[in-house]
Structure formats: structure tokens, C-alpha cells
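The values are calculated or read from the model by the stated rules, or taken from the named source; none is laboratory data. None of the values given here were measured: they were computed from a predicted structure. All Cβ positions, glycine included, derive from the backbone under ideal geometry; neighbour counts span all protein chains shown.
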Amino acid sequence: MQTRSSKLPGLLLAAFAGSAGAHDAGLPAEDRLAVSGGVGLMSLHADERYPTARLPGVLEAGSPRADERRDGLDYAEIALRARFSDQLRGFLKLAHHGGPDARNETEEAWLDARTETAHDRQLALRAGRQLLPLGLLNPAHMHAWDFGIAPLAMRGAINESWRADGFKLDWQLPAGWSAGVGAWRNQGFPGADAGGFKLLTARGGWQGEALRLEAGYANVNADGRALLTTGSAGHTHSVPSCTRVSTDRVCFFGTAQLLTLAARWAPAGSPLWLRAEWWFKREGGRLDSINGAPDYTGRLNGGWLDLGWRFAPGWEAIGRAERLVARHELNGANAGLVASQSGIAASARALDSFGAVLQWRPADGHRLVAEWHRERSGDAPNVIYLLRYQYSFMKGLL
């Protein structure tokens, strides 16, 4: 989940002002400073409210989701990429998001230092606001995803995507192997707005000619994660306090662990490719509400499979099948009342979805996407239609 308050963006802005330079994977070697940006328009319609205010049987946080059915601006973004030296890089990205929760955000702001070590090993340290290294989809920005709608497993596990302020250390090893660890100051779901580096991550991966494998792990302190309970008045921008008992909140005190496994198979020269991810989350602690404070254990298990086909230059069709199951155990006084208040009484019911995308890139920087989903997360299936237009650019300045 995205963070909204930190001194880090200001410090990094000062660094950019004091030294013109930056580098990212897409920045040509001769450019020391480049600007990139983009704009996206969208049209989202569905047979029923979308997304559902709460995913049935999933212990979430904050207020119920807003209804996103609309036509208009999806996002506008601007970014600076700099290369201070061959070993030091920087990146700063600001964005405005449209819709019922319209907001301005510092989406990424980091410095990256790397060095070559013995025996073809590379060591890289990145500090700042960045997407967490879990799976293959979360480290990619949402605007670049093939599907504009996040998979059910990511919506249930991390509220669509997860970024935080912190540090990660990555090792590039021989024979395609890599590994990394990270420490983060997390301020959002599935953790809580807690001070200090209370989120730890680890990852390992392997990259071959046609196959990429990735495994990730996260352990996060979630003491004081507040849920605005179902039955209260709709979507709101405020979240109840866990230091004060009220009738419209449930607070989770405990820890959450996440495990991800991901694979992508894309043979050279083949128009077909496959991608699959599996997410598992376990939470343990207690739920605190006006009705009681029972012990709580929750498990979320889900994933998706994508099949892509590049059938003509600039054209691609992708199909997706996904499934999510959540299970919960509460023990203590009024456990049933607290489960009902939290919206998790009807758990162990599988949520599933089938989706398809047709995308066309008519020219550099332009992308048109038509998307269809049939999602069963409520009492009846909901059919969703999404049209997107995106324009992006990158220009070297120095």
C-alpha cells in the first residue's frame, strides 16, 4: 500500500538539485539526466458496483473501497532519472491519480549504488521509496501492467500493490542466480502505521534464457491496523484510531507473514508466453473491537495464471485465470460477533475471476487496451469492462 508522509522525498529532491545526473535501466548510457512521463485515460464499467466495498471473507484495513466505475483521467506522471556516476543512480517519480480518491503522490524516490565484486558478482544497495521485491508483478509499476485490474490475490494480500520507504541489498550471482534482503518503514496494509523498520523482506531468483523464477518473503508488524467495519457509512478518507474504542472499528494487533512464488516462461522467437504467481499470507494475533478481543489466526491463499500471445506486430492478447481462498480462526469471548463485524464470518469461500486483454501499440509511446473480467467475489458474478489509453515518453536532457 502506498505511503504518503516522509522526509525522504525532500532529501532526494535536494540531491537531484545539487547534482544533475541519473540512470535507470531504460536510460541511454550517454545521458546523465533524463525526464520521462506519461498520461493515462480510462473508462471502467461493470454490471454491479466495482470494486466491491470489501472482498468477502478477507480481513482488510481502512475504509470500504470506493466505486471506481467512471470515465476520465486515470493518471498523469513525471519522473527524473539520473546517473551521477557509473556506480550511483537516482530516480524520482511524482504522479496524480484521478477518480474518487484523487491524490498527488511521490510514487518512487531512491538512490541506487552498485559495485562489481569478485567472480562475476554484483552488489547493489537501493535506499528510498520503492516497490517491494515480492513476486514479478509487484516490482513493476501498476501503469505498466498488462491488466489494469490487480489480481484478487494481490488485492487481498497487499491492497493491490505495495511500496514502502527503506533499504534493499541485492546480489547478482553467477549462473543466473540472485538474492536480496530489505528493511522498511511500512505505513500501510498489511502492516500498520508504525514507526521504525518493522518490515523485513527476503528474495531469491534465477534467470535463464526462457525461464525466470522468483521467491519472496515478508514479515511485517501489524500492531494497530484499523478496519472501518462493515455496516458503517460507505467510503471515507479517514481511518478510526486504535487507541480509542468505538462501535465502527476493529483493530488487528499481531504480525503478518507473506510468501510469494512466481515464474515466467517466454521462449525466444515464440509468440506465446506464460506467467504464474502464488501468494500466501498468514496473520496471527488478536482482533480488538467493542464486542471483544478474541485471538485470531488468518490464512490467505491465492494466485493467477496468464497466457499471452503476440499474434501480430504491436498486437497482443492475454488470458488470465485466478483464484483466492481465505480462512480464519477466532477463539475467545464473542468470537462470532467479532467475525461478523469484521466481515470474515463467511470465509473459506473461493473467490475467482477470468479475464482477457487485447492491447495494441500503434506507435512508440502509445498503448490502447481493451479488458474484460468476469469476477465472482460476491453473491453473483460481476462482469467488468475496462478501456485504457496510455501515452509515455522519455527524453535525455544532459
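Details
- Exclusive hit being of a type outside the set (D, E, K, R) and either more than 30 Å from PHE354 (Cα to Cα) or at pLDDT 95 or above (or both), set ALA118, ALA144: ALA118
- Checked against (1) touching a Pro at 6+ places or on another chain (Cβ under 7 Å); (2) closer than 26 Å to VAL58 by Cβ, ARG155 passes all but condition (1).
- Any hit, region 135-158, residues being assigned to a loop (DSSP other than H, G, I, E, B) and loosely packed, with under 15 Cβ neighbours inside 10 Å: yes
- Selection of region 113-125 for residues being assigned to a strand (DSSP E or B) and out of contact with any Leu (no Cβ under 7 Å at 6 or more places or on another chain) yields GLU116, GLN122, LEU123, ALA124.
- Among all residues of region 60-77, there is at least one that is in contact (Cβ under 8 Å) with a residue 12 or more places away in the chain, under 30 Å from GLN257 (Cβ atoms), outside any loop (DSSP other than H, G, I, E, B) and within 20 Å of the chain's Cα centre (by Cα).
- Contact map, region 172-192: first residue more than 17 Å from ARG129 (Cβ to Cβ) and without any contact (Cβ under 8 Å) to a residue 40 or more places away in the chain, second residue assigned to a strand (DSSP E or B) and among the aliphatic types (A, V, I, L, M), Cβ cut-off under 7 Å, separation 6 or more or different chains; pairs are VAL181/LEU169; VAL181/ALA202.
- Checked against (1) of a type in the set (Gly, Ala, Ser); (2) crowded, with 19+ Cβ neighbours inside 10 Å; (3) outside any loop (DSSP other than H, G, I, E, B); (4) on the phi < 0 side of the Ramachandran plot, GLY128 passes all but a single condition, namely (4).
- Every residue from region 78-112 that is among the charged types (D, E, K, R), out of contact with any His (no Cβ under 6 Å at 6 or more places or on another chain), assigned to a strand (DSSP E or B) and over 19 Å from MET394 (Cβ atoms): GLU105
- Filter result for the condition that a residue is in contact with a Leu (Cβ under 6 Å, 6 or more places away or on another chain) and either within 23 Å of GLU277 (Cα to Cα) or not β-branched (Val, Ile, Thr) (or both), over GLY302, GLY378: GLY302
- Test: residue in region 327-348 that is in contact (Cβ under 8 Å) with a residue 60 or more places away in the chain and within 23 Å of ARG212 (Cβ to Cβ): no
- For region 321-339, a residue qualifies if it is among the hydrophobic types (A, V, I, L, M, F, W, C) and surrounded by 21 or more Cβ atoms within 10 Å (Cβ to Cβ), and the qualifying residues are LEU324, ALA326, LEU330, VAL338, ALA339.
- The lone exception for GLY195 - which of (1) within 25 Å of GLY298 (Cα to Cα); (2) touching a strand residue (DSSP E or B) at 6+ places or on another chain (Cβ under 6 Å); (3) surrounded by fewer than 20 Cβ atoms within 10 Å (Cβ to Cβ) it fails: (2)
- The residue pairs whose first member lies in region 31-52 and is hydroxyl-bearing (Ser, Thr, Tyr), whose second member is outside any strand (DSSP E or B), and whose beta carbons are closer than 8 Å, counting only pairs six or more residues apart or on different chains, are SER36/GLY26; TYR50/ASP67; TYR50/GLU68; TYR50/ARG69; THR52/ARG65; THR52/SER377; THR52/GLY378.
- Across region 176-219, the number of residues qualifying as out of contact with any helix residue (DSSP H, G or I) (no Cβ under 7 Å at 6 or more places or on another chain), within 25 Å of ARG264 (Cβ to Cβ), assigned to a strand (DSSP E or B) and of a type outside the set (A, V, I, L, M, F, W, C) comes to 11.
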